[in-house]
Amino acid sequence: MSNRASRSFDDITERLDEIVSSVRSKDTSLERSLDLFDEAISLGSEAVELVDQFELSPREADLLIAKEDASTGNEQLSETDSQLTETDTLSSSDAAEEAQKTSHVASQATDLPA
């Protein structure tokens with residue numbers, strides 16, 4: 001196809017939308033639908049090539065990384081908050097048991113010769 005080199009991603013998606021509309025039309029013959037299907041497959045391959053060749057500018061890459069880090073940071077904060085909530089919900093008997101263990105260890109430490 002001679003148009004292949006000059007098509008943008010937007011041009012390809014626009015043509016794919018036209019193909020979908022045509023195929024959905026009851027007036028389109030089976031033969032024409034199959035031809036349109038072949039064209040759509042070709043356009044899809046072309047779109048994949050464009051995406052594969054696409055490169056971000058250094059500024060765009062930095063912005064994307066910052067955005068990903070921010071969303072990852074929010075997820076990590078949510079996980080930390082839920083872990084803290086689980087820790088905060090120790091039953092009173094668990095808390096008493098922990099306090100008893102701590103006081104027992106502390107009393108043993110004071111019984112050691114200096």
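The values are calculated or read from the model by the stated rules, or taken from the named source; none is laboratory data. Please read these numbers as outputs of a predicted model, since none were measured by experiment. Methodologically, a virtual Cβ is constructed for each residue, glycine included, from the backbone with ideal geometry; neighbour enumeration extends over all protein chains shown.
Here are the numbers:
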{"quantity": "Complete set of residues in segment 24-59 that are outside any helix (DSSP H, G or I) and charged (D, E, K, R)", "calculated": "26, 27, 55"}
{"quantity": "Pair list, Cβ < 9 Å and 6+ apart or interchain, from segment 28-40 residues that are assigned by TED's automatic domain parsing to the domain that holds residue 9 to residues that are not in a helix (DSSP H, G or I)", "calculated": "36/28"}
{"quantity": "Options 62, 81, 94, 69: the member that is at pLDDT 85 or above, more than 16 Å from the chain's Cα centre (by Cα), over 27 Å from residue 13 (Cβ atoms) and assigned to a helix (DSSP H, G or I)", "calculated": "62"}
{"quantity": "In segment 38-59, residue farthest from residue 17 (Cα to Cα) [restricted to those that are of a type in the set (A, V, I, L, M, F, W, C) and under 23 Å from the mean Cα position of the chain (by Cα)]", "calculated": "56"}
